[in-house]
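Have a look at the structure below, then the notes.
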Amino acid sequence: MPSFIGWVPTPDERIENFFDLAPLSSSDVVYDLGSGDGRLLFAALEKGAGRAVGVELDPERVKLAREEAKSKGLEDRVTFLEADVMDINLADASVVLCYMSSKASEALKPKLEAELKPGTRVVMESFSVPGWKPIQTTTGTDMGFCGYIEFYLYIMPPESTE
């Protein structure tokens with residue numbers, strides 16, 4: 001998948017919104033598609049996830065995330081893949097976190113529908129998945145743009161809006 005959005009790190013004040021929508025347990029395997037520096041995955045592990053996988057195109061961000069995992073002693077629980085999301089099998093995920101444009105979400109939609117197991121939770125920041133009806137939404141703060149950001153929770157298979 002081409003890069004539809006440059007790296008935009010999730011501000012600390014928005015991280016909690018992901019986990020308010022998708023509380024975690026030790027049986028959860030959390031994937032972050034476009035994981036950047038790994039901050040969401042480190043938070044997921046702190047919130048109780050059993051394992052975490054980051055998928056990131058930028059080799060420098062992957063390197064930094066791996067170094068941070070090692071410094072935190074988490075390298076046995078988190079993996080960072082330098083790869084295109086479209087080339088990774090997502091079947092192990094029980095929770096998927098994303099911040100992608102609507103165009104990227106639309107391109108990713110058939111892959112999510114084909115690979116994610118029933119009951120897998122998908123949390124999207126800012127952009128909904130076209131044609132999917134969210135189970136729940138929440139609003140997070142955005143200090144720089146319009147004051148708020150929407151988060152969307154979907155549970156596979158998602159209900160269609162079409």
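The values are calculated or read from the model by the stated rules, or taken from the named source; none is laboratory data. Here the structure is a predicted model, which means the values were calculated and not measured. FYI the Cβ positions are ideal-geometry reconstructions off the backbone, even for glycines, and counts take in every protein chain you see.
With a cut-off of at least 2 residues that are closer than 18 Å to MET156 by Cβ, in contact (Cβ under 8 Å) with a residue 40 or more places away in the chain and of a type outside the set (Lys, Arg), name the strands (runs of 3 or more DSSP E) lying wholly within the range 8-113. Outline the logic, then answer.
On the way: elements: 29-33, 51-56, 78-82, 95-98.
Qualifying strands (runs of 3 or more DSSP E): 29-33, 95-98.
Restricting the range 54-83 to residues that are buried (at least 18 other Cβ atoms within 10 Å of the Cβ) and of a type in the set (Asp, Glu), the residue that is farthest from VAL96 (Cα to Cα) is GLU68. Just one residue in the set SER101, SER105 is over 22 Å from ASP28 (Cα atoms) and surrounded by fewer than 20 Cβ atoms within 10 Å (Cβ to Cβ); that residue is SER101. Against the list (1) small (Gly, Ala, Ser); (2) under 22 Å from THR10 (Cα atoms); (3) assigned to a loop (DSSP other than H, G, I, E, B), the condition GLY119 fails is (2). So which residues in the range 110-162 are at pLDDT below 95 and of a type in the set (D, E, K, R), if there are any at all? GLU125, ASP142, GLU150, GLU159, GLU162, listed by residue number. Show the residue pairs that are 6+ apart or on different chains and have beta-carbon atoms under 7 Å apart, the first residue being within the range 135-149 and under 15 Å from MET124 (Cα atoms) and among the aromatic types (Phe, Trp, Tyr), the second being modelled with pLDDT under 85 and surrounded by 10 or more Cβ atoms within 10 Å (Cβ to Cβ). Listed by first residue and then by second, the contacts come to TYR148/GLY140; TYR148/THR141; TYR148/ASP142.
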